[in-house]
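First up is the structure itself, then whatever we jot down about it.
The values are calculated or read from the model by the stated rules, or taken from the named source; none is laboratory data. Not measured: the values here are computed from a predicted model. Please note: Cβ atoms are built from the backbone with ideal geometry, for glycine as well, and neighbour counts cover all protein chains shown. What goes into the accessible areas is simple: the full protein's heavy atoms, side chains included, and nothing from ligands, DNA or RNA. Shrake-Rupley method; radii C 1.70, N 1.55, O 1.52, S 1.80 Å.
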Protein chains: 4
Amino acid sequence: MRVVGAAFVIGLAYAASAQAQSWTPPTDAQRCPSKWGAADQRGAGNHMKPETVLRATRLIRTGEVFELGRVLKADMPFSVGRRFEMETKRTNMNAGSNRRGSNEEIVFTELGQVGAQFDGFTHQTIDDSLYNCVKVGDVATRTGFTKLGVEHVGSLITRGVLIDVAALKGVPMLGDTYAITAADLQQALQRQKLSLQPGDAAIIHTGWGRLWDTDTTRYLKTNPGLTTGAAEWLAKQDPMLIGTDNGPVGVTPDPDPNLSNPVHQIALVVNGIHLLENLKLDDLAGKQVYEFALIVQPLKIQGGTGSTVAPTAVR
Amino acid sequence: MRVVGAAFVIGLAYAASAQAQSWTPPTDAQRCPSKWGAADQRGAGNHMKPETVLRATRLIRTGEVFELGRVLKADMPFSVGRRFEMETKRTNMNAGSNRRGSNEEIVFTELGQVGAQFDGFTHQTIDDSLYNCVKVGDVATRTGFTKLGVEHVGSLITRGVLIDVAALKGVPMLGDTYAITAADLQQALQRQKLSLQPGDAAIIHTGWGRLWDTDTTRYLKTNPGLTTGAAEWLAKQDPMLIGTDNGPVGVTPDPDPNLSNPVHQIALVVNGIHLLENLKLDDLAGKQVYEFALIVQPLKIQGGTGSTVAPTAVR
Amino acid sequence: MRVVGAAFVIGLAYAASAQAQSWTPPTDAQRCPSKWGAADQRGAGNHMKPETVLRATRLIRTGEVFELGRVLKADMPFSVGRRFEMETKRTNMNAGSNRRGSNEEIVFTELGQVGAQFDGFTHQTIDDSLYNCVKVGDVATRTGFTKLGVEHVGSLITRGVLIDVAALKGVPMLGDTYAITAADLQQALQRQKLSLQPGDAAIIHTGWGRLWDTDTTRYLKTNPGLTTGAAEWLAKQDPMLIGTDNGPVGVTPDPDPNLSNPVHQIALVVNGIHLLENLKLDDLAGKQVYEFALIVQPLKIQGGTGSTVAPTAVR
Amino acid sequence: MRVVGAAFVIGLAYAASAQAQSWTPPTDAQRCPSKWGAADQRGAGNHMKPETVLRATRLIRTGEVFELGRVLKADMPFSVGRRFEMETKRTNMNAGSNRRGSNEEIVFTELGQVGAQFDGFTHQTIDDSLYNCVKVGDVATRTGFTKLGVEHVGSLITRGVLIDVAALKGVPMLGDTYAITAADLQQALQRQKLSLQPGDAAIIHTGWGRLWDTDTTRYLKTNPGLTTGAAEWLAKQDPMLIGTDNGPVGVTPDPDPNLSNPVHQIALVVNGIHLLENLKLDDLAGKQVYEFALIVQPLKIQGGTGSTVAPTAVR
């Protein structure tokens, strides 16, 4: 009886999950104004308040710092059409009686969207409409956006929670197209005896990051990641940001082949929640550091869509 | 009598000042190996330890965050030969049944050396010799340095001390070529009832930063800043880094016209102390926030000379 | 009476002018397929045949070469959003026993659209439709166009005819918004005792080019140039290309304030006729060289919209 | 007797050739002033005169044009450290009542030294000394050279002579490290019943160009090319330029492993003779077009070391 019942429940869950995969973006009327107000440009960045900072820094007990960023170089993994090209320039050559030489570098890159990267709200649209229904046509210029640019975000310091789905499944790395469900997230948190609070940084460990420096082709081809259902459940927990150790955050390809990275839209466009991608999470997961102060300082690129960053977890 | 005496004192001060101005870089034999060891590549970054972090975060009592970074844009002030050029790219155009659009930006910039910027040890040389006497010819490639690159630094969290020289002098902004002496620094600290400890971030407020967005020509032409004597005194206090609200850190032009920004050499080459430049310090100074946790996350540019950054002070 | 008569004449002129000014782009059905065939990608480039070359080179009698190109540099005049940024790179430093050093330059520029420039057919659209009604959406990629790219054009050698409208009007330079009519072109040719033949390069001298190195602001603000009527008359003469000594070819602003550079559309989109812009024509005009071999070698930028060039006239 | 004599002669030639491989660059005193005068900046470009043009254009009898250039794209063969990166930009979007759209491209490239390329005199040095003993330190800036820049060269039109060494050897392509000697060049000319005249463009066909689009790795790894002896013999014929269908012109690696591309120095630094590299010569060789008008229009890059070009041969 119990076995049959369990199978029945699983069957129901499966059907629900399959249903969840066919996602339709909300209309402008359904999603706007955002819960932060019609004129709001900060979205979940509104969680960034002195008490949020204190809640995070109170978690710092040993002073141990974990680097979550990636080394920026020409041969790191890129989404199609992006690059990081750099040339070293020698400028001053033994100038003055003090024989001073100077070096710098010229770089050509999609600065907002390479390496460990932070996504702002101008990065994604539904039908040419951004977060809070700002229209691309109204704010896009050749050199950035006049609203919602990443320069308005500011540094973020908040409680970070690592949700280790790979550990939940007992593997170092989830499968190539493993679709993380809301239930996976809930069970992983339960296993870690932690819960999410509004304003947290929810950091999902899939293990995929171990391919970053070892197998670029596989890293980019597919990836385990969130289903639309998992993303919508996360959004309901009201986090400041969602981070993970792959590029798209969502499972790729999406189970519904007609969908193009819907998780990006759910987070950035529908809910105004920032994303952190391509994080290096192996140290945190290895040492089972599940709760920490998450600190990220996006570059203030005027009108930018995001920023490459070098975030840290501190405990 | 008083007039004569005053002239005498001025005469002495002038002689002392003139002496301080004629700075000769130490020879390789005099400065190497560095105090951190012959193979060391971290310099004052070695101060970055768990206890340093705790010393800093213990200063966080209100959760107030001060942004010290600058908005990155084409018309910000640049040292000669640098730029920040950006073009917005629309990439995906309403892809999938979810009508997903995507935007990003292509940027062409001296990424290590624009905006609020963090200097690594490959930035400066004395006679083609870097910190710890690493020879440029041995480590320079077309695309970065094989040693001492900024990717090795990691995020820095330490006690920050604002040394408000402008306030000491009772002005909002020091004069165009005001040469800050060691005595100025000492008196400013005394006035603030603070002292520097090894591993601190020493942040000098000159007030010059108020020209950043208002008078680029004047901002770049000259600037108040440290004398070689002040820089050497600071180096003796053993800080992790020295920051300020102008570009060159040193007074420009140097009182000795034969010297080319010797303060850069004293910090980076001779002593292995990082620099933070073009900081926005008006809020800290205005609210007399003299002691805080300084957090800076340099981008991990492989083989880079530095990184544009968006640092924060938290109290 | 005279006053009334004058008013009457002005009224008529105004009506005629107003008529000429109100240009409506032809519909796809009206302009496609082009006269060169439905699959054609070469447009007036089809005139480039051996006999065209011979017709041009037969005009070479003295061997005198006139440079029509511009020096490429950061401070030349640009249309908004374009630039030419360059950094010299020293690469090999006294390599080998032969002590070989090598220099090169890294350049960041809108390569197809700076300096003296040649326009290909992907440069302009009417309602997202290119020459021969190729749809932008069908051929545009992030890195060029899969059809109609400038790499297909090849070098052009044809008879060039300078049409000196400034000389016709007895001025070194036409007025800031002088609108060149078809009648102006016809009278200038008559004055020069020359006629256009199919396949020619029609080069219009307005004198505006003398501002290139002397008054960038004025050069870019407005310019004398072709009316839509003049452009349509020229197109009927069936030239291989139309060149001139300003950037937009058409008079700027257009007399009809609702029109955005219609002359570009008439030439490139409607008629498949290439454009050559920002030419240096003072030597040709000064020496009254009205007939010559025009040689232009566009760079074969894959999928490009045009090419900066250094064309010549040879007689 | 004849056989023995021939063997003897061959033996001598071989010894001479082996000797020729150990090349020592001439001292400044030996090579300066150049034969064109101490202040000369044009070198063999001085051959460009009206009579040179006429000598070339008189060879145009059929009007047939051969394209010697290469399509510029991200995946063409590059010398190390060079690239061609391009992004298409849509700018105006259906502006005006005429619904005008505009496209352009932003390009990041070593513009002087990619694709079919023309070398100016700032490209190469012997001991930091350029053509005519101009010192790099005296003329190099961050953004180009104040003397000898490629903008001074102008368009070149001269008699071109294809020297088909591959055909002489009865192969479609010379071996991977085949070292072309002066005797090879002489015999190839003899076979073609042609001789070089001062001011000619000497174009060497090795067949290596057939690898351009088919085997980039092999194209770049080594290449057949000129020995120092062949280059010096060519220089004595006093050509305006030397062109070929590989990148380095000289055989790579040079038979003397201590030498770093000495042929570049012999041409550019010692003799002031321009180079044309990576030419597409298969059509010329296939049709045995050995004499033609060679036309090349280097971009006027201010202070540049060279220019990517799209040259043509016309007969």
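Of the candidates A:P172, A:P198, A:P224, the single residue that is more than 27 Å from B:N98 (Cα to Cα) and under 19 Å from the mean Cα position of the chain (by Cα) is A:P198. Taking the criterion of being free of Cβ contacts under 8 Å to residues at least 60 places away in the same chain and open to solvent by 30 Å² or more (accessible area, probe 1.4 Å), the residues of segment B:135-157 that qualify are B:K135, B:G137, B:D138, B:A140, B:R142.
Only one residue in B:T109, B:T146, B:T122 is touching a Lys or Arg at 6+ places or on another chain (Cβ under 7 Å) and among the polar types (S, T, N, Q), so which one is that? Show your work before the answer.
Details: B:T146 fails: touching a Lys or Arg at 6+ places or on another chain (Cβ under 7 Å); B:T122 fails: touching a Lys or Arg at 6+ places or on another chain (Cβ under 7 Å).
From the options B:T109, B:T146, B:T122, the qualifying one is B:T109.
Would you be able to say whether some residue in segment C:143-159 is charged (D, E, K, R) and in contact with a helix residue (DSSP H, G or I) (Cβ under 8 Å, 6 or more places away or on another chain)? Yes, segment C:143-159 has at least one match.
Note on segment C:158-264: enclosed helices (runs of 4 or more DSSP H) holding 2 or more residues that are open to solvent by 40 Å² or more (accessible area, probe 1.4 Å) and more than 14 Å from every other protein chain (Cβ to nearest Cβ) are C:182-192, C:216-221, C:228-236.
Within segment C:91-113, if we keep just the residues that are facing another protein chain (nearest Cβ under 7 Å) and open to solvent by 10 Å² or more (accessible area, probe 1.4 Å), the residue that is farthest from D:Q124 (Cα to Cα) turns out to be C:S97. In the set (1) touching an Asp or Glu at 6+ places or on another chain (Cβ under 9 Å); (2) more than 7 Å from every other protein chain (Cβ to nearest Cβ); (3) open to solvent by 50 Å² or more (accessible area, probe 1.4 Å), C:D75 fails one condition alone, (1). For segment B:164-199, filtering for residues that are hydrophobic (A, V, I, L, M, F, W, C) and within 20 Å of B:P262 (Cβ to Cβ) leaves 7. Considering segment C:265-302, the residues that are at the interface with chain D (Cβ under 7 Å from one of its Cβ atoms) and in a loop (DSSP other than H, G, I, E, B) include one that is most open to solvent (accessible area, probe 1.4 Å), namely C:Q302. Test D:V269 against the criterion of being within 12 Å of the chain's Cα centre (by Cα), under 28 Å from D:A56 (Cα atoms) and among the aliphatic types (A, V, I, L, M), and give yes or no. Against the criterion (within 12 Å of the chain's Cα centre (by Cα), under 28 Å from D:A56 (Cα atoms) and among the aliphatic types (A, V, I, L, M)), D:V269 does not qualify.
Just one of (1) in a strand (DSSP E or B); (2) over 29 Å from D:F84 (Cβ atoms); (3) more than 20 Å from the chain's Cα centre (by Cα); (4) not aromatic (F, W, Y) fails for A:D138. It is (1).
Is at least one residue of segment C:33-53 in contact with a Cys (Cβ under 9 Å, 6 or more places away or on another chain), at pLDDT 50 or above and not in a loop (DSSP other than H, G, I, E, B)?
Of segment C:33-53, the ones in contact with a Cys (Cβ under 9 Å, 6 or more places away or on another chain) are C:33-34, C:38.
Among the residues that remain, those that are also at pLDDT 50 or above are: C:33-34, C:38.
Cutting the leftovers down to not in a loop (DSSP other than H, G, I, E, B) gives us C:34.
Yes; the residues of segment C:33-53 include at least one that is in contact with a Cys (Cβ under 9 Å, 6 or more places away or on another chain), at pLDDT 50 or above and not in a loop (DSSP other than H, G, I, E, B).
In the set (1) touching a helix residue (DSSP H, G or I) at 6+ places or on another chain (Cβ under 9 Å); (2) under 19 Å from A:R315 (Cα atoms), the condition left unmet by A:L284 is number (1). The set of residues in segment A:114-134 that are more than 10 Å from chain B (Cβ to nearest Cβ), surrounded by fewer than 24 Cβ atoms within 10 Å (Cβ to Cβ) and more than 14 Å from A:P26 (Cβ to Cβ) contains only A:V134.
The set of residues in segment C:303-315 being within 8 Å of chain D (Cβ to nearest Cβ) and more than 17 Å from the chain's Cα centre (by Cα) consists of C:G303, C:V314.
Tally the residues that are at the interface with another protein chain (Cβ under 7 Å from one of its Cβ atoms) and either surrounded by 20 or more Cβ atoms within 10 Å (Cβ to Cβ) or more than 21 Å from the chain's Cα centre (by Cα) (or both), restricting the search to segment A:53-72. Spell out how you get there, then give the answer.
Pass one, segment A:53-72, residues at the interface with another protein chain (Cβ under 7 Å from one of its Cβ atoms): A:53-54, A:57, A:60, A:62-65, A:67, A:69-72.
After this cut, where a residue has to be either surrounded by 20 or more Cβ atoms within 10 Å (Cβ to Cβ) or more than 21 Å from the chain's Cα centre (by Cα) (or both) as well, the list is A:53-54, A:57, A:60, A:62-65, A:69-72.
Qualifying residue count, segment A:53-72: 12.
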